[in-house]
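The values are calculated or read from the model by the stated rules, or taken from the named source; none is laboratory data. Quantities reported herein were computed from a predicted structural model and do not represent experimental measurements. All Cβ positions, even for glycine, are placed from backbone atoms using ideal geometry, and neighbour counts span all protein chains on display. Each accessible area value is taken on the protein alone, full model and side chains, heavy atoms only, with ligands, DNA and RNA left out. Shrake-Rupley method; radii C 1.70, N 1.55, O 1.52, S 1.80 Å.
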Amino acid sequence: MENSGYGRRFGQGEPTVSGVPVSRSGRIQEGLLVAAALGLLVATWLFVTVEPAPDFETSLTAQFPLLFWLCFYGVLVVSIVVALLSAIDSSGYWRHAVALALGDYALFFFLPLARGYRLYGRGASDILVHIGDVKGILQTGTIAAGSWYPMQHTLVSELVLLGVPLQGAEYVVEFAFTAMYILSMGYLVRVATGRRETVVYGLVAATPLVFTIFQTTIIPSFLSLFLFPIVLAILEQYRRSNSHTYLLLFVVFGIGIVFFHPVTAGFLVVLILSTTAFGYVYEWLRGASVRKIRPTLAFVVAPATYLWYINFRETRTSIEQIVGTWLSGGSSPGQAVAEEAASAPLSMAELLVRFVELYGMVFVYLVVAGLFGLFVVSEVLRRRSRYPEAFATAQFGVGFGLAVAFLLVYLIEFEPIRVARYMIVMAVFLYGLLLARTTEWRPRRQYLAVAILGAGIVVAALLGAHGAYWPNEQLTDAEYEGSEFVLTEGDQTLPIRTYSISHKMEWYVRGSVDPNLWPPNYQTGLPRGFGYDAVNTTVGTRYNETYIATHRFDRVFYTDAYFTPAQRETLIPYRQSDLRWLNADPTAARVYDNGGYELWYVPEGSVS
């Protein structure tokens with residue numbers, strides 16, 4: 001078995017931290033931990049005493065007092081600092097720091113529950129569909145024939161059956177998978193380096209919420225991705241030992257990922273094949289034999305993925321969309337994202353601020369991983385490289401290639417963090433390996449490097465938490481109850497025209513097995529101001545028999561501080577004068593109003 005290349009330093013005399021004796025450093029760490037523990041207690045008290053939201057609110061985070069956020073961010077920063085100090089002097093306090101960080105995140109992931117949200121996610125959010133699928137399982141006791149993501153839906157259903165309320169089960173899953181991702185990244189770095197003490201570097205590297213909002217909602221493409229560190233560790237253990245135990249573990253996790261998400265299953269096939277290919281390339285470049293995994297492992301994942309997904313309507317629809325876009329010669333996802341950014345009514349300074357808010361945490365990791373990767377490549381060419389670093393660099397390159405492919409060619413997904421998620425996981429892995437490498441450097445150089453890299457982690461952690469909750473995602477009871485009324489008591493053959501409620505709301509209200517789920521009733525795309533102008537003085541002149549639904553979201557979402565004044569002007573769907581016009585419209589009768597959701601009926605024969 002080849003050496004991982006991570007040795008220990010011996011004979012350096014009494015260990016110090018930046019010239020401070022360990023005993024004093026230990027007292028500093030103890031003091032910081034006590035302060036962080038007190039901060040967590042204060043944050044917890046503020047968490048449990050916050051009042052439920054009385055109505056729709058544009059920002060979740062703005063509802064918590066400044067003291068809560070000072071405590072939350074303080075605990076997070078202190079946890080990172082203490083973990084790194086502990087790693088330098090081997091004090092063991094990193095365990096307490098990680099526990100405090102996870103406790104801090106436990107509060108953070110349950111913020112919507114503290115404010116009494118029915119759900120964090122509304123409008124066109126995918127979580128509405130996922131909860132609808134869970135409802136289908138709970139109603140029938142079986143997985144629906146059209147369930148693309150049975151692993152996630154079954155997991156949430158099991159939690160509900162065990163007594164966890166459906167209104168809180170998603171937060172349990174989000175936090176559990178994030179915690180597992182952090183802990184397994186620590187294990188991965190330990191396995192890769194062959195040294196137990198390096199586990200803390202993987203833990204610290206994985207602490208920032210680099211996937212932002214995709215970690216605070218149950219998106220199967222990311223939940224399955226959070227299994228990648230443990231799968232990488234299992235593959236590495238199997239490569240080294242050829243143990244049937246690790247082979248069995250890989251089969252279990254591999255099949256599990258297949259039933260989580262098809263794209264992640266495809267990523268797993270890419271991981272296996274690229275790992276095998278890397279072994280041969282590395283062996284050729286180094287001129288020394290290395291153990292490799294068999295490419296036949298891909299046949300555990302690929303056939304299962306094909307057999308499970310090939311007969312789904314969604315699979316055929318996705319393939320048709322991809323082929324249709326290719327044949328039509330439409331713009332690439334990358335071009336679409338660039339055009340959207342260019343067309344936004346934002347100045348260059350505002351665009352820069354928005355970029356930092358949305359992608360700053362990822363940028364920190366990609367820059368550091370890219371620079372370290374270039375160094376590793378130079379080491380490989382000089383035949384001085386270490387297998388773990390070279391492997392992580394190669395996988396980072398594979399992730400970069402996948403991201404470019406998704407941006408250049410329409411493959412359904414196009415949001416930047418979504419398409420770069422494989423690369424981001426490998427960037428975090430490389431970050432942890434770079435921290436582990438600093439343990440071999442001379443003390444002063446090590447302390448400087450850890451300070452710089454630690455500062456990067458702190459910045460990423462602050463930006464990640466700041467960007468993890470987007471505005472205007474609250475699903476209110478009024479919106480749900482209004483939707484439930486029109487979908488159960490209204491005419492099921494009529495469309496329901498809205499500005500911001502999509503067909504996914506029907507999935508959430510009805511459940512996935514309801515026979516009335518298709519064809520959709522909810523239809524977005526109402527014209528601004530309900531279409532009133534000099535010609536169309538009534539909605540009846542534009543529409544035949546239909547429902548028109550409005551709700552509080554329409555009237556306040558654009559007021560959030562996230563939007564600039566120029567953006568707000570373009571986002572206003574209708575003004576109060578338009579609403580008064582609708583109320584006075586003889587072709588529209590208001591048939592329902594619960595204080596947050598209003599429904600109008602436009603009868604047949606109104607069109608002149």
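Can you find a residue in the range 385-395 that is part of a helix (DSSP H, G or I), under 23 Å from residue 288 (Cβ atoms) and within 21 Å of the chain's Cα centre (by Cα)?
Here is the first cut: in the range 385-395, the residues part of a helix (DSSP H, G or I) are 387-395.
Of the ones still in play, those that are also under 23 Å from residue 288 (Cβ atoms) are 387-395.
Keeping just the survivors that are within 21 Å of the chain's Cα centre (by Cα) gives 395.
Yes: the range 385-395 contains one or more residues that are part of a helix (DSSP H, G or I), under 23 Å from residue 288 (Cβ atoms) and within 21 Å of the chain's Cα centre (by Cα).
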Review point. Does the range 219-231 contain any residue that is in contact with a strand residue (DSSP E or B) (Cβ under 8 Å, 6 or more places away or on another chain), of a type outside the set (A, V, I, L, M) and closer than 30 Å to residue 124 by Cα?
Key: yes
Review point. Is the range 42-51 home to any residue that is out of contact with any helix residue (DSSP H, G or I) (no Cβ under 8 Å at 6 or more places or on another chain), modelled with pLDDT of 95 or more and part of a loop (DSSP other than H, G, I, E, B)?
Key: yes
**Study point:** Residue match in the range 102-121 (condition: of a type in the set (Ser, Thr, Tyr) and more than 22 Å from the chain's Cα centre (by Cα))
**Key:** no
Practice item. Please work out if residue 489 is charged (D, E, K, R), free of Cβ contacts under 8 Å to residues at least 40 places away in the same chain and closer than 30 Å to residue 54 by Cα. Key: yes
Check your understanding: Going through the range 572-592 one residue at a time, which ones are surrounded by 12 or more Cβ atoms within 10 Å (Cβ to Cβ) and either closer than 24 Å to residue 560 by Cβ or aromatic (Phe, Trp, Tyr) (or both)?
Key -> 572, 573, 574, 575, 578, 579, 581, 592
Point to revise | Qualifying residues in the range 486-516 (those that are of a type in the set (D, E, K, R), closer than 17 Å to residue 121 by Cα and out of contact with any Phe, Trp or Tyr (no Cβ under 7 Å at 6 or more places or on another chain)) - the one least open to solvent (accessible area, probe 1.4 Å) | key: 510
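Output the residues belonging to the range 474-485 that are acidic (Asp, Glu) and either crowded, with 23+ Cβ neighbours inside 10 Å or touching a Pro at 6+ places or on another chain (Cβ under 6 Å) (or both).
479
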Point to revise | residue 396 being closer than 30 Å to residue 218 by Cα, buried (at least 20 other Cβ atoms within 10 Å of the Cβ) and in contact with a helix residue (DSSP H, G or I) (Cβ under 6 Å, 6 or more places away or on another chain) | key: yes
Check your understanding: Taking residue 469 and the conditions (1) in a helix (DSSP H, G or I); (2) open to solvent by 10 Å² or more (accessible area, probe 1.4 Å); (3) in contact with a Leu (Cβ under 7 Å, 6 or more places away or on another chain), which numbered condition does it fall short on, given that it satisfies the others?
Key -> (1)
Check your understanding: For the range 511-608, list the strands (runs of 3 or more DSSP E) that sit wholly inside it and hold at least 3 residues that are under 29 Å from residue 136 (Cβ atoms) and not charged (D, E, K, R); which are they?
Key -> 522-524, 546-551
Check your understanding: If we keep just the residues of the range 517-538 that are in contact with a Lys or Arg (Cβ under 9 Å, 6 or more places away or on another chain) and either modelled with pLDDT under 90 or open to solvent by 70 Å² or more (accessible area, probe 1.4 Å) (or both), which is farthest from residue 502 (Cα to Cα)?
Key -> 536
Review point. Taking into account only those residues within the range 77-92 that are in contact with a strand residue (DSSP E or B) (Cβ under 8 Å, 6 or more places away or on another chain) and open to solvent by 20 Å² or more (accessible area, probe 1.4 Å), which is modelled with the lowest pLDDT?
Key: 88
Exercise for review: Please name all residue pairs, on different chains or six or more residues apart, with Cβ atoms under 7 Å, provided the first residue is in the range 449-474 and is without any contact (Cβ under 8 Å) to a residue 60 or more places away in the chain and the second residue is open to solvent by 40 Å² or more (accessible area, probe 1.4 Å).
Suggested key: 449/441
Exercise for review: Scan the range 399-421 residue by residue and report those that are closer than 19 Å to residue 376 by Cα and open to solvent by less than 10 Å² (accessible area, probe 1.4 Å).
Suggested key: 399
Study note, to complete from the structure: Restricting the range 162-179 to residues that are surrounded by 17 or more Cβ atoms within 10 Å (Cβ to Cβ) and not aromatic (Phe, Trp, Tyr), the one farthest from the chain's Cα centre (by Cα) turns out to be 169
Exercise for review: Name the single residue, out of those in the range 429-445 being open to solvent by less than 10 Å² (accessible area, probe 1.4 Å) and not small (Gly, Ala, Ser), that is farthest from residue 105 (Cα to Cα).
Suggested key: 438
Check your understanding: If you scan the range 472-510, which residues turn out to be of a type in the set (S, T, N, Q), touching a Lys or Arg at 6+ places or on another chain (Cβ under 7 Å) and assigned to a loop (DSSP other than H, G, I, E, B)?
Key -> 476
Review point. In the range 180-224, which residues are among the aliphatic types (A, V, I, L, M), assigned to a loop (DSSP other than H, G, I, E, B) and buried (at least 24 other Cβ atoms within 10 Å of the Cβ)?
Key: 209, 210, 218
Check your understanding: Taking into account only those residues within the range 548-563 that are open to solvent by 20 Å² or more (accessible area, probe 1.4 Å) and among the hydroxyl-bearing types (Ser, Thr, Tyr), which is nearest to residue 354 (Cα to Cα)?
Key -> 562
